[in-house]
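Trainee: My questions all concern the structure below.
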Amino acid sequence: MERIDNIVKKKTTKYKFDGIFKKLKSVKNIEVIIAAIFIGIVLLIFFSGDLFSTSGESDTITFSLDEYGNAVETKMEDILCKISGAGDVKVMITFESGVEIITAETVNKQSNIVTDEYSGGYRETESLVESNTPVIISGNAVILKEIQPKVKGAVIVSEGAGSIQVKIELIKAVSTLLSLEPENIEIFEMSK
């Protein structure tokens with residue numbers, strides 16, 4: 001008897017699902033609706049950065065122009081003081097501009113062509129509207145490229161700059177490190 005009850009329950013459950021499927025099939029464009037819901041869920045998961053990040057902090061470290069310049073100057077002082085005869089060295093660098101950040105953008109182009117017919121001919125007018133908006137994920141713009149500022153010139157003050165040989169070595173080192181022409185580098189002897 002129990003087995004017959006199970007069979008009856010399975011059949012009624014089957015009929016319930018058949019009714020649901022018939023109702024879904026009767027909805028026009030159900031495939032499009034299901035696909036739209038699926039795409040919406042995928043986009044929601046993709047653009048919610050909290051699901052994929054291990055911590056709430058960003059891995060990107062940003063510097064102001066002054067901080068960047070100070071970091072480069074300190075590194076240069078550390079290496080230039082190791083040149084034979086240079087002694088203590090101080091460095092100052094000037095930049096042409098700041099850091100340039102290139103972000104990802106979506107480009108939206110809309111074109112509209114209007115054709116007017118009038119006596120004996122026609123006229124076509126075309127208008128094009130273009131708008132760029134940055135791509136934002138988790139509240140931050142997506143950075144494609146960060147271009148460091150270009151160095152304009154350097155001033156080096158060294159204890160050993162009284163020697164011509166030391167000046168030449170310092171100019172060669174700074175020219176190599178910063179990709180500067182020698183005329184954009186000045187070397188001075190440090191006061192005692």
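The values are calculated or read from the model by the stated rules, or taken from the named source; none is laboratory data. None of these values were measured; they are calculated from a predicted model. Methodologically, a virtual Cβ is constructed for each residue, glycine included, from the backbone with ideal geometry; neighbour enumeration extends over all protein chains shown.
Trainee: With respect to Ser175, is the statement that it is more than 23 Å from Gly69 (Cα to Cα), small (Gly, Ala, Ser) and touching a strand residue (DSSP E or B) at 6+ places or on another chain (Cβ under 8 Å) true?
Mentor: no
Trainee: Every residue in segment 146-166 that is charged (D, E, K, R), assigned to a strand (DSSP E or B) and more than 14 Å from Glu186 (Cα to Cα), please.
Mentor: Glu146
Trainee: Does Lys167 satisfy the condition of being under 30 Å from Glu73 (Cβ atoms) and basic (Lys, Arg)?
Mentor: Judged against the criteria, Lys167 is a match.
Trainee: If the requirement is being at pLDDT below 70, in a loop (DSSP other than H, G, I, E, B), over 30 Å from Ile156 (Cβ atoms) and not charged (D, E, K, R), which of these qualifies: Gly56, Gly19?
Mentor: None of the others qualify; the one that does is Gly56.
Trainee: Consider Lys150 carefully, then state whether it is closer than 30 Å to Ser179 by Cα and more than 19 Å from the chain's Cα centre (by Cα).
Mentor: So Lys150 passes the test.
Trainee: Would you say Thr133 is loosely packed, with under 13 Cβ neighbours inside 10 Å, of a type in the set (Ser, Thr, Tyr) and either outside any strand (DSSP E or B) or at pLDDT 80 or above (or both)?
Mentor: yes
Trainee: For segment 61-85, what are the residues that are more than 31 Å from the chain's Cα centre (by Cα) and within 16 Å of Lys167 (Cα to Cα)?
Mentor: Answer for segment 61-85, where residues must be more than 31 Å from the chain's Cα centre (by Cα) and within 16 Å of Lys167 (Cα to Cα): Glu77, Ile79, Leu80, Cys81, Lys82, Ile83, Ser84, Gly85.
Trainee: Among the residues of segment 150-171, write down those that are hydroxyl-bearing (Ser, Thr, Tyr) and crowded, with 19+ Cβ neighbours inside 10 Å.
Mentor: Of everything in segment 150-171, just one residue is hydroxyl-bearing (Ser, Thr, Tyr) and crowded, with 19+ Cβ neighbours inside 10 Å, namely Ser158.
Trainee: Here's another thing I want to ask about it. Please find, within segment 86-108, the residue that is farthest from the chain's Cα centre (by Cα) out of those that are closer than 14 Å to Ile187 by Cα and not aliphatic (A, V, I, L, M).
Mentor: The selected residue is Gly87.
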